[in-house]
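Notes follow once the structure below has been shown.
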Amino acid sequence: MLKFIIKRLLWLIPISLGVALIIFAIMDLSPGDPARLLLGESATEEAVMQLRDELGLNQPFLTRYVKWVSGVFTGDFGISYRTRQPVFDEVIVRFPRTVKLAILTSLISIVLSIPFGVISAVRRYSAVDNITLGINLVLTSAPGFLIGLVFILFFSLKLRWLPATGISTWKHYIMPATAAALNYSAALQRMMRSSMLETLRSDYITMAQAKGAREMRIIMKHAMGNAILPVLTLIGINFGWQLGGTIIIEQLFAIPGIGTLLINSVGYKDAPQVMASSVFVAIFAALINLFVDILYAYIDPRIKSQFFGGK
């Protein structure tokens, strides 16, 4: 297993370089001049050219990219065009807020999806199953920002139970995490239901039922281990999406996270800031996927013997 983990960690290097190259190319090819955006339309051409020279924008594309990569290996992620401060300082302050929001969102999604998905599969076509499927349809159709707006209007403005913006206390995370989780939990619950239904049709489940095993034992001991594997995959994928896809939620609830930083930096074509933020998100998402793969091995021994050599 250690060999597998080291191999996956080494793969983070080309993945990070590839993500950085793609982001750098997109930022370079997109219309707009960072120097002109920073100085404004009223700035003279001489001032714009001087700023371009200071920022190194007059250098060739590959020269700027190689210079940035060489700086990363020495711990220098570059200087922000917009703030003239090291981009690492800004990312390291904002990134934990986004990670905290993503973790809380994932936990709420798991709590809301897995139990109800199992119940819907076990009690197929019952009233509980029909009600949960109807709720899932509504939550899947409703985007996160719409749910967030409803939460703000009801829980913040009307009832005054929760703060609408900011991250000063743990209460500030309740509405944004729940608003983001409801949409994700609907997809997780559908996946859990379909996976559980397929598992319950397996021959070994029929054999356990024929031997007189209790229903709860069949579900928890025999069915859950296999049924939850595809759900874990979806949880890992969703976590990666939440790291980079909570921009609207962060904007709506005024959370100074990595999503807000990205949207502000893209507006000014602040390539060093966008690249550093994107690389951090890509690395963390890859680590989460590695954790999910390791978790597979502890849930299903067959996967452990196949990919980890049984050790």
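Mind putting together the pair-distance distribution for the chain? All Cα pairs, 10 Å bins, whole percent per bin, short to long.
6, 21, 25, 23, 15, 7, 3, 1, 0
Roughly how large, in nm² to one decimal, is the mean projection of the convex hull of the alpha-carbon atoms in the range 112-256?
10.0 nm²
When you count, for each residue, the other Cβ atoms within 10 Å and take the mean per peptide, how do 256-263, 149-156, 11-18 rank with the highest first?
256-263, 149-156, 11-18
Let me check I've understood the local charge: for Ser120, count other residues with C-beta under 13 angstrom from its C-beta, Lys and Arg +1, Asp and Glu -1. What total comes out?
Surrounding charge for Ser120 is +3.
Across the chain, how many lysine pairs, 8 or more positions apart or on different chains, have C-alpha atoms separated by under 21 Å? Please give the number.
Number of lysine pairs found: 9.
Rounded to two decimals, what is Rg over Rh for the range 176-302 when you use alpha-carbon atoms and the Kirkwood radius?
1.15
Provide the net charge surrounding Arg190, with neighbours chosen by a C-beta distance below 15 Å and charges set as Lys +1, Arg +1, Asp -1, Glu -1.
After counting each charged neighbour, the total is 0.
Explain nothing, just the number: relative contact order of the chain, from Cα pairs under 8 Å at least 6 residues apart, as a whole percent.
Across the chain, relative contact order equals 27 percent.
The numbers here are math on the coordinates, done by the rules we state, and not lab data. This one's a predicted model, so the numbers in the text were calculated from it and none came from an experiment. Note that we place each Cβ from the backbone using ideal geometry, even for glycine, and neighbour counts take in every protein chain shown.
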